[in-house]
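Worksheet: the structure to be examined is printed underneath.
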Amino acid sequence: MTGLVPYMAVVVMRYLDLIYLIQLERYNSTRLCGWIARHWGIALDGRGALVQTAVLVAGILLAESPLPAITFYIVWLAAGMWLRARWSSLQVSQRLQWTPRTVRLAAVAFVLAGAMMFVTSWLAVVLLSRLMVAPRVLLVGIGLAAGLLVMSEVAAGMVLVANLSLAPLEHAINRRFYAQAHARMRQYPGEIIGITGSYGKTTTKFITAALLQRRYSVFKTPDGVNTTMGIVRVVREALRDDHQFFVVEVAAYGPGEIREVCEILRPRLGILTAVGVQHLERFGTPERIAEAKYELIDSLPPDGLAIVNADDPVCLRLAERARQEGRRVLLYGIGEDERALGVRGKDVKLSSKGSAFRVETEHGAAMFETRLLGGWNIGNILGATAAALECGMPLEEIADGVRTLAPAPKRLEIREEGGVIKLIDVANANPRGAQMALDVLSQFEGGSKILITPGLVELGQIEAEENRRLGRAAAAVCDYVVLVGPQQTQPLREGLREAGFSGSRVLIARHADEVADCLKAIVCEGDVLLYENRLPDTYLEFA
């Protein structure tokens with residue numbers, strides 16, 4: 001039975017990979033079905049099926065030959081070891097997180113798969129014993145190989161069935177967690193600040209929390225925690241009564257999600273950083289994205305304050321709507337125009353070291369300096385400044401805090417390694433943010449400017465054109481471009497070509513692990529590398 005071990009290892013890893021993918025899709029069966037439709041060759045594992053079918057045929061032929069039954073097990077073991085050695089996991093950029101929900105899903109999926117394997121193996125043994133005369137040990141081996149073949153090929157279906165069958169239970173568990181979080185927030189004595197936007201919300205969260213921490217006890221949601229269940233978990237497990245402020249980043253992957261979180265949190269302050277086309281594929285239209293972001297403002301109490309970015313035209317329209325509904329609104333923005341801004345930035349000076357600008361408010365004016373890169377980070381600072389002023393901090397203390405700010409992780413985070421400057425912006429996944437990152441790259445002087453990107457996704461019908469636009473913009477700034485994913489980045493290559501960018505300066509990596517090999521041939525001391533966006537493993541491309 002030794003041939004069973006390597007085959008079983010491969011089959012188990014296939015199931016865990018598929019469970020990992022549905023975890024990335026937030027246990028959404030429809031999204032996993034979409035992945036299966038796009039990658040049916042991986043879902044069905046054609047190479048593994050071919051090898052296992054060849055093993056079955058060899059077993060049947062050996063049953064009619066004088067060779068001993070152990071010959072089949074040797075063939076089976078060799079084939080299984082060959083498959084195991086060539087296995088490529090789908091867990092590349094992250095790993096499966098073993099949460100209680102994941103454990104339940106894996107248990108049900110493996111029980112269903114085990115039952116399928118047992119039935120298939122039993123039927124194969126019964127059928128073969130009636131068709132031929134062969135040693136029982138050989139027939140059992142062939143039956144087990146047949147069971148494993150079926151178990152492997154139905155892996156995607158088993159994970160989907162397990163997820164669907166658990167849906168009522170998971171819904172009940174979630175409602176219980178929601179109720180606990182709701183009760184906890186009714187007892188929480190501190191102030192809640194909610195932050196949302198198509199981009200800028202994470203950095204604004206970090207800035208807001210950092211400024212308030214100079215005077216108050218502050219708890220902010222951890223990096224990457226911005227969905228309903230993630231926020232519910234930190235409320236239940238980490239929020240304390242001695243936290244005077246709770247700064248919460250709220251994301252939306254569909255209508256109603258922000259409202260659901262706000263019903264639990266009941267924030268008094270809400271910051272709207274931007275409304276763009278990120279996740280357009282999920283929402284369908286830009287108008288639905290705007291409506292989803294407005295759910296934060298709509299959830300504020302009568303004495304609440306909506307802090308809105310006036311430099312974003314959609315945000316500005318939503319601010320006017322809020323005012324018409326009788327809500328308190330404070331606008332922030334950059335420029336010396338006639339807009340009635342509560343917090344205004346002006347006299348901006350940008351460089352590769354950061355920026356300096358003047359801030360004017362009804363509380364006075366002050367000069368701000370920051371190490372944060374990019375003009376849009378000034379907007380993030382202004383939004384956080386408005387929140388800090390509302391919470392009772394003086395402007396001069398805020399200016400002191402801004403001087404010490406460090407970049408949010410993976411959001412234009414600057415690193416220097418071996419004389420090479422790296423701008424890590426892999427958490428940025430929207431067209432406007434990508435253009436702003438290129439603007440920062442253009443401010444550096446010296447060596448070659450190199451962009452490494454897989455492009456932009458989840459933009460629906462405008463995705464190809466936005467990637468072509470990104471390619472044209474990159475051509476105006478970069479000396480080299482490394483594209484990750486040959487198929488996904490095809491529109492980007494078209495944009496580069498349209499702008500007259502030399503094809504010899506475009507390098508293609510199949511996935512992130514190959515990027516280092518591409519860079520070895522072109523990177524020199526003094527070069528500046530911009531890592532723009534990182535796609536989840538659901539977008540991996542395989543040969």
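The values are calculated or read from the model by the stated rules, or taken from the named source; none is laboratory data. Just so you know, these numbers come straight off a predicted model, no measurement behind them. Using ideal geometry, Cβ is built from the backbone for each residue, glycine included, and neighbour counts are taken over all protein chains shown. Heads up: the accessible areas ignore ligands, DNA and RNA and are worked out on the full protein's heavy atoms, side chains in. Shrake-Rupley method; radii C 1.70, N 1.55, O 1.52, S 1.80 Å.
Identify, from the list 383, 374, the residue that is touching a helix residue (DSSP H, G or I) at 6+ places or on another chain (Cβ under 6 Å) and at positive phi. If you could, list the steps in order and put the result at the bottom.
On the way: 383 fails: at positive phi.
Criteria check complete, one pass: 374.
Selection within segment 504-533: residues that are assigned to a strand (DSSP E or B) and open to solvent by 20 Å² or more (accessible area, probe 1.4 Å). The member of this set that is farthest from residue 440 (Cα to Cα) is 508. All conditions but one from (1) free of Cβ contacts under 8 Å to residues at least 60 places away in the same chain; (2) open to solvent by 20 Å² or more (accessible area, probe 1.4 Å) apply to residue 478; the one that does not is (2).
Do we find a residue being assigned to a helix (DSSP H, G or I), aromatic (Phe, Trp, Tyr), surrounded by 14 or more Cβ atoms within 10 Å (Cβ to Cβ) and modelled with pLDDT of 90 or more anywhere in segment 172-184?
yes
Is at least one residue of segment 285-297 assigned to a loop (DSSP other than H, G, I, E, B) and at pLDDT below 95?
yes
The C-beta contact set for segment 109-128 (first residue more than 9 Å from residue 151 (Cα to Cα) and modelled with pLDDT under 95, second residue of a type in the set (Lys, Arg) and open to solvent by less than 70 Å² (accessible area, probe 1.4 Å), distance under 6 angstrom, 6+ apart or interchain) is empty. Among residues of segment 356-366 being in contact with a helix residue (DSSP H, G or I) (Cβ under 7 Å, 6 or more places away or on another chain), outside any loop (DSSP other than H, G, I, E, B) and open to solvent by 10 Å² or more (accessible area, probe 1.4 Å), the one that is farthest from residue 208 (Cα to Cα) is 364. Scanning segment 35-69 for residues that are at pLDDT 85 or above and surrounded by fewer than 14 Cβ atoms within 10 Å (Cβ to Cβ) turns up 37, 50, 53, 54, 57, 61. Looking at segment 6-93, the helices (runs of 4 or more DSSP H) lying wholly inside it that each contain 1 or more residues that are free of Cβ contacts under 8 Å to residues at least 40 places away in the same chain, basic (Lys, Arg) and farther than 23 Å from residue 535 by Cα sit at 46-63. I'd like the residue in segment 273-283 that is open to solvent by less than 50 Å² (accessible area, probe 1.4 Å) and modelled with pLDDT under 90 and, out of all such residues, is farthest from residue 26 (Cα to Cα). The extreme case among them is 276.
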